[in-house]
1. Hey, does region 131-149 have a residue that's out of contact with any Asp or Glu (no Cβ under 6 Å at 6 or more places or on another chain) and closer than 20 Å to SER45 by Cα?
2. From the set of residues in region 33-46 that are open to solvent by less than 50 Å² (accessible area, probe 1.4 Å) and not aliphatic (A, V, I, L, M), which is nearest to GLY183 (Cα to Cα)?
3. Scan the strands (runs of 3 or more DSSP E) fully inside region 67-144 and keep the ones with 1 or more residues being touching a residue at least 24 places away in the same chain (Cβ under 8 Å) and polar (S, T, N, Q).
4. Could you please give the count of residues in region 49-61 that are surrounded by fewer than 21 Cβ atoms within 10 Å (Cβ to Cβ) and either charged (D, E, K, R) or part of a helix (DSSP H, G or I) (or both)?
5. Quick one: in region 132-171, of everything that is among the hydrophobic types (A, V, I, L, M, F, W, C) and open to solvent by less than 50 Å² (accessible area, probe 1.4 Å), which residue is farthest from the chain's Cα centre (by Cα)?
6. Among the residues of region 62-100, how many are surrounded by 14 or more Cβ atoms within 10 Å (Cβ to Cβ), within 20 Å of THR23 (Cα to Cα) and among the hydroxyl-bearing types (Ser, Thr, Tyr)?
7. Within region 157-169, is even one residue of a type outside the set (Ser, Thr, Tyr), under 18 Å from ASN106 (Cβ atoms) and part of a strand (DSSP E or B)?
8. Are any residues in region 154-193 farther than 17 Å from PRO36 by Cβ and aromatic (Phe, Trp, Tyr), and if so, which ones?
Amino acid sequence: MKAFKLFLWSIITLFSFSACQQTVLPADLVKYVVNPDNGLRKQKSIGDVNVDLQYKPVGYMIANEFRKNNIDASQYKNRASELSGLQYYNLKLSINQPGVDVTSYNVFDEVAQQERLYYLSFGMQHDMHLIQGQDTLRPVLYHFERSYNLSKERTFVVAFEEQDFKHQEDKTFILDIPEFQTGPIKIKIRKDDLQKTPSIKLI
């Protein structure tokens, strides 16, 4: 019963919060979210390592899934209820060296290569967390997208629990990969930028 009440509260809060925001077409929301000027996408370089962190609001995710500007309100509500309770991110990592990516950076033999792939697929999630107010959150979803050398950027899909539906706290993403020797990489997403994010205009 407690879990159901928390779930119901999250849905009500999500929609009541969206109701007081500016609404834009789905395509315009996607453009807004991926524009670094709006604060939901942050890029940072430490030594040879480039980090691109994209916060993905639920509306943005639904707009990307439907890929049309006339999303029905009932369709949106159903999909939003499935996605509620978590906050989603794309993390992209690349290396400032010709012909090198995160799977081969500081890797010098086949054994180390396999260890690196295993680490990226399963281990790296233990070297990241999110600070939100007084809470330290660990990933509840983590997926390494294998590009099979088609891109220098490697993408990780990550999700954390979401307890701050009204965005009253900043979010600080922290990544510390020992093999990269960068020390902890910290990326902050400001609550003001989260609160200013438009919601989807529905039909």
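1. So far as region 131-149 goes, no, none of its residues is out of contact with any Asp or Glu (no Cβ under 6 Å at 6 or more places or on another chain) and closer than 20 Å to SER45 by Cα.
2. GLY39
3. Ranges flagged: 86-95, 128-132.
4. 3
5. Applying the filter and picking the extreme gives PHE165.
6. Selection size over region 62-100: 3.
7. Taking every residue of region 157-169 in turn, none turns out to be of a type outside the set (Ser, Thr, Tyr), under 18 Å from ASN106 (Cβ atoms) and part of a strand (DSSP E or B).
8. Of everything in region 154-193, those that are farther than 17 Å from PRO36 by Cβ and aromatic (Phe, Trp, Tyr) turn out to be PHE156, PHE160, PHE165, PHE180.
The values are calculated or read from the model by the stated rules, or taken from the named source; none is laboratory data. None of these values were measured; they are calculated from a predicted model. Heads up, the Cβs are rebuilt from the backbone with ideal geometry, glycines too, and the neighbour counts pull from every protein chain shown. Just so you know, the surface numbers come from the protein's heavy atoms only, side chains and all, with ligands and any DNA or RNA stripped out. Shrake-Rupley method; radii C 1.70, N 1.55, O 1.52, S 1.80 Å.
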